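Undergrad: Got a structure here, written out as structure tokens. Questions coming.
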Amino acid sequence: MTHRFLFILFSMSVTMIAGNHLLCAQSPQFSIFDSFEMSTKPGEGTVVIHQSESLRQLVGTRIDSENIDVINGKTYLITQGYRVQVYSGNNQRTSKGEAFEKQAKIKELYPDVEAYVTYMAPFWILHVGDYRSFEEAAYMHRILREAFPQNKNEIKIIEDDIRLLLN
């Protein structure tokens with residue numbers, strides 16, 4: 001009996017939210033709380049949420065932070081994670097070209113994986129990926145060692161600030 005009641009309550013909530021989707025798109029002040037508190041038909045019951053107005057206003061808004069970065073209209077969260085270092089060279093004549101050459105090769109082989117070339121004097125460094133766990137980075141580490149067998153001893157997993165796509 002309890003499961004049936006919860007299922008009906010969930011179904012009603014989803015229906016109310018879906019039914020009010022157009023209203024949400026037209027009114028920027030509309031929130032999830034409004035959809036729960038609106039009664040669609042007599043006799044279906046009403047959900048009342050008691051909370052402070054300041055909390056209601058925070059729901060669904062992004063908080064500006066130094067850990068948020070917007071690049072080309074995409075919003076990223078900057079957090080600690082892992083990347084795979086594929087190249088590091090300090091030869092001022094060839095290292096920059098080698099780093100960008102390897103970046104282009106990685107983009108060609110794995111177009112969905114980000115590759116970052118940075119200069120940290122006196123080194124040109126190529127990092128690949130944005131991985132939240134060591135295991136994810138280890139998987140890409142193995143793939144890159146197979147793709148670049150001539151550099152397999154140089155390829156390693158490092159801790160770094162990563163970018164996670166938010167939108």
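The values are calculated or read from the model by the stated rules, or taken from the named source; none is laboratory data. No experiment lies behind these values; they were computed from the predicted model shown. Heads up, the Cβs are rebuilt from the backbone with ideal geometry, glycines too, and the neighbour counts pull from every protein chain shown. In case anyone asks, the SASA skips ligands and DNA or RNA and just uses the protein heavy atoms, side chains included. Shrake-Rupley method; radii C 1.70, N 1.55, O 1.52, S 1.80 Å.
Undergrad: Residue check, Ile71 against (1) surrounded by fewer than 10 Cβ atoms within 10 Å (Cβ to Cβ); (2) among the aliphatic types (A, V, I, L, M); (3) farther than 26 Å from Leu126 by Cβ, all met but one. Which one?
TA: (3)
Undergrad: If only one of Tyr110, Tyr82, Tyr76 is open to solvent by less than 90 Å² (accessible area, probe 1.4 Å), of a type in the set (Ser, Thr, Tyr), in contact with a Lys or Arg (Cβ under 7 Å, 6 or more places away or on another chain) and modelled with pLDDT of 80 or more, which one is it?
TA: Tyr76
Undergrad: OK, next. Looking at (1) open to solvent by 40 Å² or more (accessible area, probe 1.4 Å); (2) closer than 25 Å to Leu77 by Cα; (3) of a type outside the set (Phe, Trp, Tyr); (4) over 21 Å from the mean Cα position of the chain (by Cα), find the lone condition where Gln150 falls short.
TA: So the condition that Gln150 fails would be (2).
Undergrad: Would you call Lys105 out of contact with any helix residue (DSSP H, G or I) (no Cβ under 6 Å at 6 or more places or on another chain) and either surrounded by 19 or more Cβ atoms within 10 Å (Cβ to Cβ) or within 15 Å of Ala147 (Cα to Cα) (or both)?
TA: Yes.
Undergrad: Take the residues of region 118-147 that are more than 21 Å from Leu77 (Cβ to Cβ) and open to solvent by 90 Å² or more (accessible area, probe 1.4 Å): which is nearest to the chain's Cα centre (by Cα)?
TA: This residue is Tyr139.
Undergrad: Let me ask you something else. What pairs come up if the first residue lies in region 130-141 and is under 15 Å from Asp112 (Cβ atoms), the second is among the hydroxyl-bearing types (Ser, Thr, Tyr), and their beta carbons are under 8 Å apart, counting only those six or more places apart or on different chains?
TA: Sorted first by the residue in region 130-141, then by its partner, the pairs are Tyr131/Tyr82; Glu136/Tyr82; Met140/Tyr131.
Undergrad: Just the residues that are within 16 Å of His141 (Cα to Cα) and out of contact with any helix residue (DSSP H, G or I) (no Cβ under 8 Å at 6 or more places or on another chain), please, taken from region 84-101.
TA: Selection gives Gln85, Ser88.
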